[in-house]
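Chemist: Can you read through this structure? Questions will come right after.
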Ligand code: FHN
């Protein structure tokens, strides 16, 4: 049953692609995506000039990567602030080791966020870390080299439709958004004279080409906020990426329905999807860039999220916000270490796994509460989740008790044991047409999530 479920899901999605008369594209997408879907877990890094402020500006606080916008800083003042960016403690190998120790298999770093400042050597635009600051080094090259050396897949984030340094980047104006609602209206107040195509030709295409030709293998292009990009421009950008680095996978924020995977943000979808997807989320409670006073999610929530996402065949891109000096905050490092500790014991039940054969364990719809769309609110249940591999079903138990009861899943279980038990001492179980009951030892191996492995023919 499991093999059929996973196969059906995959063929369903690939079938949709093939139905579009593009069998070759769907096969190529499948090949490109294989390592990524097996990887499950990556590091997102929001790091830029804004990090230097630590969330504060002239007595105001609660800023992050949107500093220039939320603190209403005129461009002349912000670009002067940028000149002082000098992350003397930045150590690419240290960052890569933190990701590896956390069990992360890839990373995606902001190379240009909405402030338009390039964190890489950009010959096409002097507003970059090498030419504009006293630092004078290219951290993207250092991070790419360190990632390649460590066997971590390297990806880059690029803000596509928001750029507060360039005069030709209009935003908003449709779907209930006011014109210019995400634009730099301090220095460029007239949205009506802004021409996205000029910015696209002048800055986006040259810089994306630089990113894909200066740093060796770039395995992910993570675009953000496509805003005013046209369908033709999204297609042109994708074609350029495919030509320069055919293995590079691209997220759906390249715009206009293109891209290899979906990107829910700060939330986990209710159920599994036939199309590849990745939840991006902050380790901090809500801010992507460095903020010295922000709170942090606890490691229990982060581990449970990784399990929940994996059980729905998604990926987890978990974000850290390094300081202006180039240090990943200890609050983030501690949480990532806890995730790595859990994965060193239970990673077999996460990496290269398929989704749950069940689904109902993820939660239920409230009889009383409504969501933001006025529909019955989905309420997550946190008793257990499931992931699969050929011949194996992994049950991730959050709430330990004497037994775990599972619905039937069409396979005959031949063995049950704790994944944390190196001796794989067999657990007793009964199974019938209605389901399986496994008797559990008194002590759970892990305080957050303990995995029972059921083997079947
Ligand atoms: O506005 C950005 C935000 O700063 C952050 O980069 C997130 C990460 O996905 N993307 C945009 C908000 O959706």
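The values are calculated or read from the model by the stated rules, or taken from the named source; none is laboratory data. Treat the numbers as computed from the prediction; the structure is a model and nothing was measured. As a convention, Cβ positions derive from the backbone with ideal geometry for all residues, glycine included, and neighbour counts pool all protein chains shown.
Chemist: I'm told residue 87 meets every condition in (1) within 22 Å of the chain's Cα centre (by Cα); (2) away from the ligand (no atom under 16 Å from the Cβ); (3) surrounded by 20 or more Cβ atoms within 10 Å (Cβ to Cβ) except one. Can you identify the failing condition by its number?
Modeler: It fails just one condition, (1).
Chemist: Among what's in segment 165-186 and is in contact (Cβ under 8 Å) with a residue 60 or more places away in the chain and within 28 Å of the chain's Cα centre (by Cα), pick the residue that is farthest from the ligand (Cβ to nearest atom).
Modeler: Going through the qualifying residues, I end up with 165.
Chemist: I'd like to check which strands (runs of 3 or more DSSP E) are fully inside segment 336-407 and have at least 3 residues that are under 24 Å from residue 441 (Cα atoms), within 23 Å of the chain's Cα centre (by Cα) and not assigned by TED's automatic domain parsing to the domain that holds residue 105.
Modeler: Correct list: 384-389.
Chemist: Quick one: in segment 272-288, which of the residues that are touching a strand residue (DSSP E or B) at 6+ places or on another chain (Cβ under 9 Å) and more than 14 Å from the ligand (Cβ to nearest atom) is nearest to residue 356 (Cα to Cα)?
Modeler: Taking the candidates together, the pick is 273.
Chemist: So, one more: Taking segment 50-70 as the search range and keeping residues that are away from the ligand (no atom under 14 Å from the Cβ) and under 27 Å from the mean Cα position of the chain (by Cα), which one is surrounded by the most Cβ atoms within 10 Å (Cβ to Cβ)?
Modeler: 53
Chemist: Return the only residue of 82, 29 being away from the ligand (no atom under 16 Å from the Cβ) and buried (at least 20 other Cβ atoms within 10 Å of the Cβ).
Modeler: 82
Chemist: Still on this structure, I have one more. Just one of the numbered conditions (1) away from the ligand (no atom under 16 Å from the Cβ); (2) part of a loop (DSSP other than H, G, I, E, B); (3) modelled with pLDDT of 95 or more is not true of residue 134; which one?
Modeler: Failing condition for residue 134: (3).
Chemist: Out of segment 288-332, which residues are in a helix (DSSP H, G or I) and either free of Cβ contacts under 8 Å to residues at least 60 places away in the same chain or touching a helix residue (DSSP H, G or I) at 6+ places or on another chain (Cβ under 6 Å) (or both)?
Modeler: 299, 301, 302, 303, 305, 330, 331, 332
Chemist: Another one. What about residue 264, is it surrounded by fewer than 17 Cβ atoms within 10 Å (Cβ to Cβ) and away from the ligand (no atom under 16 Å from the Cβ)?
Modeler: The answer is no for residue 264.
Chemist: Just to be sure, is residue 154 under 27 Å from residue 331 (Cα atoms), within 16 Å of the ligand (Cβ to nearest atom) and buried (at least 22 other Cβ atoms within 10 Å of the Cβ)?
Modeler: So residue 154 does not fit the description; no.
Chemist: May I pose another question? Just wondering, is there one or more residues in segment 46-55 that are in contact with a helix residue (DSSP H, G or I) (Cβ under 8 Å, 6 or more places away or on another chain), assigned to a strand (DSSP E or B) and assigned by TED's automatic domain parsing to the domain that holds residue 129?
Modeler: no
Chemist: Of the residues 254, 220, 249, only one is within 24 Å of residue 30 (Cβ to Cβ), under 20 Å from the mean Cα position of the chain (by Cα) and away from the ligand (no atom under 16 Å from the Cβ); which?
Modeler: Criteria check complete, one pass: 249.
Chemist: Suppose the filter is touching a strand residue (DSSP E or B) at 6+ places or on another chain (Cβ under 6 Å), at negative phi, in contact (Cβ under 8 Å) with a residue 12 or more places away in the chain and surrounded by fewer than 16 Cβ atoms within 10 Å (Cβ to Cβ); does residue 439 pass it?
Modeler: It is true that residue 439 is touching a strand residue (DSSP E or B) at 6+ places or on another chain (Cβ under 6 Å), at negative phi, in contact (Cβ under 8 Å) with a residue 12 or more places away in the chain and surrounded by fewer than 16 Cβ atoms within 10 Å (Cβ to Cβ).
Chemist: Next up: Among the residues that make up segment 85-102, is at least one of them at pLDDT 95 or above and closer than 30 Å to residue 170 by Cβ?
Modeler: yes
Chemist: Turning to a different aspect of this structure: Please identify the pairs in which a residue from segment 402-427 that is on the phi > 0 side of the Ramachandran plot has its Cβ atom under 8 Å from the Cβ atom of a residue that is at pLDDT below 95, counting only partners at least 6 apart or on another chain.
Modeler: Close Cβ pairs (under 8 Å, with a partner that is at pLDDT below 95) amount to 410/1; 410/2.
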